[in-house]
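Notes follow once the structure below has been shown.
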Amino acid sequence: MIEKLFPKSVDNQYRGLPIAKWVFVAMTVLTVGRSLAHIFLPDGGAQSIATIPLDMYSSEAAMVIIGMFAQWGLTQLMFGLLYVIVIWRYQSLIPLMWLFVAFEWIGRLIIGFAKPLET
């Protein structure tokens, strides 16, 4: 297991289950897509996707939320581009990338329960 997560040599040979690779490709498309939505949608996706009632806040508060979503989108874009590079040139790192994906999603679930957003 450790050898699959941290291979001694990094190459473009994926040695895992084919389904895991193709789901990772789909996850990469999802990550890049949602990052672009957060960056380019006028509300950053805060109201149109996440249903945060921006119209109930002052315009200044709404702009802070929209700005935070756009900055989050940039972080997601960086991870998405890293995933693209792994798929393109370093497929032996796909298991490690799955660890990062799991860490992000589980962490967001935990934080979402600890600090829920009003939607």
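Key figures for this structure:
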| read-out | value |
| --- | --- |
| In degrees, nearest ten, helix 94-114 long axis to first principal axis of the chain (Cα) | 30 degrees |
| Karplus (6.51, -1.76, 1.60) ³J(HN,Hα), θ = phi - 60°, over the stretch 37-53, in Hz, Gly and Pro reported as x | 4, 5, 6, 9, 5, x, 9, x, x, 4, 8, 5, 10, 7, 6, 6, x |
| Given charges at Cβ of Lys, Arg, Asp, Glu: the chain dipole, positive-most of I85, F69, L17 | L17 |
| Karplus-derived 3J(HN,Hα), 6.51/-1.76/1.60, for each residue of the stretch 70-84, Hz, glycine and proline x | 5, 5, 4, x, 5, 4, 4, 5, 4, 5, x, 5, 4, 4, 4 |
| Under 14 Å, Cβ to Cβ, from I52 - net charge with Lys/Arg +1 and Asp/Glu -1 | -2 |
| Of all accessible heavy-atom area on the chain, the percent that carbon and sulfur account for (1.4 Å) | 75 percent |
| Choice from L96, L81, L109 showing the highest fluctuation, given a GNM over the chain with Cα pairs closer than 10 Å | L109 |
| Burial ranking of peptide ranges 64-71, 41-48 (average Cβ count within 10 Å, highest at the top) | 41-48, 64-71 |
| Environment charge at V64 (Cβ cut-off 15 Å; Lys +1, Arg +1, Asp -1, Glu -1) | -4 |
| Cut-off 14 Å between beta-carbons: net charge of the residues surrounding Y90, Lys and Arg +1, Asp and Glu -1 | +4 |
| Surface accessible to a 1.4 Å probe, per residue, for the residues of the stretch 1-82, Å² | 66 Å² |
| Straight-distance crosslink candidates among lysines, where the alpha carbon sits under 25 Å from K21 and sequence neighbours closer than 8 are dropped | K4, K8 |
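The values are calculated or read from the model by the stated rules, or taken from the named source; none is laboratory data. Predicted model only: the values in this text are computed from it and were never measured. Glycine also receives a Cβ, built like all others from the backbone with ideal geometry; neighbour counts cover every protein chain displayed. These area figures cover heavy atoms from the full protein model, side chains too; ligands, DNA and RNA do not enter into them. Shrake-Rupley method; radii C 1.70, N 1.55, O 1.52, S 1.80 Å.
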